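Below: the structure, in structure tokens.
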Amino acid sequence: MTAPALVGVPELETERLRLRAPSEADFEPFAAFYATERSRFVGGPLPRGKVWRSHAALVGHWALRGYGWWSLEERATGALAGRVGLFHPEGWPEPEIGWTLFDGFEGRGYATEAARAALGFAHGRLGWRTAVSCIHPDNARSVRLAERLGARFDYAWEADGEPLHIYRHAGPGAAAREAVA
Amino acid sequence: VTALVPEIETRRLRLRALTRRDFEAEAAWFARPASARNGGPKAREAVWRVVAAMIGHWTLESVGFWAVERRDTRAYCGRVGVWNPEGWPEPELGWTFTDGADDLPGAEAEAILAARDWAWRERALGPLASLIRPTDGRARRLAADVGARMERGVKLPDAGLVEIHRHALPGDAPRPARHAMHSGEGRA
């Protein structure tokens with residue numbers, strides 16, 4: 001039988017993207033992504049079994065925290081472009097905003113667009129006062145994106161033996177102030 | 001988010017969706033040396049990921065693990081359900097019980113049978129297997145208590161050698177009346 005969709009996850013729309021609940025159908029594309037070197041800055045490469053468990057845990061994250069990862073759909077085509085999310089598993093230094101784009105969807109500003117929407121949700125609906133992004137120091141693309149979003153390097157950390165740099169985003173209201181300026 | 005998890009009531013127990021409070025109860029249990037009977041102690045981070053994956057399992061597979069709570073005190077006493085992640089040999093009827101129902105003889109078997117019956121009735125899953133380490137005397141006794149039979153040994157990539165215990169289908173076999181015999185064992 002087809003697994004029911006995850007209920008209770010708010011759907012967000014941006015100009016070109018839909019942020020929707022992660023589903024069973026998203027597993028295969030993520031398994032394919034995690035089979036490649038492209039995943040090296042986000043814990044990969046990983047075998048299918050581990051990708052499945054991490055996918056299941058990302059779904060469960062919504063139930064345990066009331067927020068989590070959205071799957072990113074390109075509105076024009078319905079294609080899965082990656083994911084963006086608000087992430088705070090036990091043991092994580094602080095609530096994070098993260099993003100992953102699949103091959104072929106980079107260079108169009110999708111991650112920026114999705115991250116802004118997720119950040120807006122965190123500040124608005126969830127009332128976050130601050131948010132960070134945990135980025136592998138060699139992940140130059142992600143660092144540039146964080147800086148474009150207004151985040152600044154704050155401190156170094158480590159997860160599963162991998163170094164992570166913590167970038168702190170501007171607090172709520174910064175975007176509004178920027179718009180006025 | 002957990003609306004798709006059905007609630008089941010048995011004589012003394014309630015099976016319901018896992019919540020953040022259950023994670024806290026489970027993390028507290030796995031911080032204690034007594035959790036050695038479940039392969040503990042385990043770090044909070046590890047317990048969090050397991051509980052999160054168990055909740056997500058429902059979305060991905062339409063089946064999963066329930067929190068087990070006592071109807072009298074609402075205290076958490078563990079989890080039971082069907083585990084069938086990618087790469088698993090077959091759907092497994094699994095359980096992890098804290099000491100929350102140690103004073104309720106047969107409660108663990110009651111929870112396992114409720115999950116087994118639901119899986120067959122609502123998902124046509126069965127006869128289910130339980131994968132048990134040969135050294136896990138508690139789990140082997142519980143499997144026997146609920147009428148499962150040891151079928152064969154199998155080697156798993158992560159867990160080494162495990163035994164497959166095969167459960168009966170609901171109504172297939174008379175419910176064993178041996179719960180009370182084993183309820184006090186190993187719980188000094």
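Exactly one condition in (1) closer than 30 Å to residue B:17 by Cα; (2) modelled with pLDDT of 95 or more; (3) crowded, with 22+ Cβ neighbours inside 10 Å is false for residue A:81; which is it? Looking at each condition in turn, residue A:81 falls short on (1).
Within region A:112-141, restricting attention to residues that are among the polar types (S, T, N, Q) and assigned to a loop (DSSP other than H, G, I, E, B), the residue that is surrounded by the most Cβ atoms within 10 Å (Cβ to Cβ) is A:139. The residues listed here are B:32, B:11, B:37; of these, the one that is touching a strand residue (DSSP E or B) at 6+ places or on another chain (Cβ under 9 Å), surrounded by fewer than 23 Cβ atoms within 10 Å (Cβ to Cβ) and either at pLDDT below 95 or farther than 19 Å from residue A:62 by Cβ (or both) is B:37. Taking the condition among the hydroxyl-bearing types (Ser, Thr, Tyr) and either assigned to a strand (DSSP E or B) or over 15 Å from the mean Cα position of the chain (by Cα) (or both), does residue A:71 pass? Spelling it out, residue A:71 is indeed among the hydroxyl-bearing types (Ser, Thr, Tyr) and either assigned to a strand (DSSP E or B) or over 15 Å from the mean Cα position of the chain (by Cα) (or both). Can you name the residue in region B:29-40 that is in a loop (DSSP other than H, G, I, E, B), away from every other protein chain (no Cβ under 14 Å) and not charged (D, E, K, R) and, of all such residues, is nearest to the chain's Cα centre (by Cα)? Top of the filtered list is B:39.
Between A:39, A:71, which is within 27 Å of residue B:83 (Cβ to Cβ), in contact with a strand residue (DSSP E or B) (Cβ under 7 Å, 6 or more places away or on another chain) and of a type in the set (Ser, Thr, Tyr)? Checking each option against the conditions leaves just A:71. A single entry from A:27, A:33 fulfils the requirement of being in contact with a helix residue (DSSP H, G or I) (Cβ under 9 Å, 6 or more places away or on another chain), closer than 18 Å to residue A:139 by Cβ and either not acidic (Asp, Glu) or not in a helix (DSSP H, G or I) (or both): A:33.
Evaluation of residue B:18 against the conditions (1) more than 8 Å from every other protein chain (Cβ to nearest Cβ); (2) surrounded by 17 or more Cβ atoms within 10 Å (Cβ to Cβ); (3) assigned to a loop (DSSP other than H, G, I, E, B); (4) out of contact with any Lys or Arg (no Cβ under 6 Å at 6 or more places or on another chain) shows that the sole unmet condition is (1). Selection of first residues in region A:152-179 that are in a helix (DSSP H, G or I) and of second residues that are at pLDDT 90 or above and among the charged types (D, E, K, R), restricted to Cβ pairs under 9 Å at least 6 apart or on distinct chains, gives the following pairs, ordered by first then second residue: A:175/A:116.
Among the criteria (1) closer than 28 Å to residue B:6 by Cα; (2) more than 17 Å from the chain's Cα centre (by Cα); (3) touching a residue at least 60 places away in the same chain (Cβ under 8 Å), the one residue A:49 does not fulfil is (3).
Residue by residue, here is whether (1) crowded, with 17+ Cβ neighbours inside 10 Å; (2) touching a Gly at 6+ places or on another chain (Cβ under 7 Å) holds:
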position: A:26; (1), (2): yes, no
position: A:39; (1), (2): yes, no
position: A:61; (1), (2): yes, yes
position: A:72; (1), (2): yes, yes
position: A:76; (1), (2): no, no
position: A:92; (1), (2): no, no
position: A:100; (1), (2): yes, yes
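Taking region A:28-37 as the range and being crowded, with 19+ Cβ neighbours inside 10 Å and either at pLDDT below 95 or within 14 Å of chain B (Cβ to nearest Cβ) (or both) as the test, the residues that pass are A:30, A:34.
The rows are residues; the columns are (1) at pLDDT below 90; (2) over 20 Å from residue B:124 (Cα atoms); (3) not in a helix (DSSP H, G or I).
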{"site": "B:134", "(1), (2), (3)": "no, yes, yes"}
{"site": "B:138", "(1), (2), (3)": "no, yes, no"}
{"site": "B:152", "(1), (2), (3)": "no, yes, yes"}
{"site": "B:163", "(1), (2), (3)": "no, yes, yes"}
{"site": "B:168", "(1), (2), (3)": "no, no, yes"}
{"site": "B:172", "(1), (2), (3)": "yes, no, yes"}
{"site": "B:176", "(1), (2), (3)": "yes, yes, yes"}
{"site": "B:184", "(1), (2), (3)": "yes, yes, yes"}
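The values are calculated or read from the model by the stated rules, or taken from the named source; none is laboratory data. What you are looking at is a predicted structure, and each value in this text was computed from that prediction instead of being measured. With ideal geometry, Cβ positions are generated from the backbone for all residues, glycine too; neighbour counts draw on all protein chains shown.
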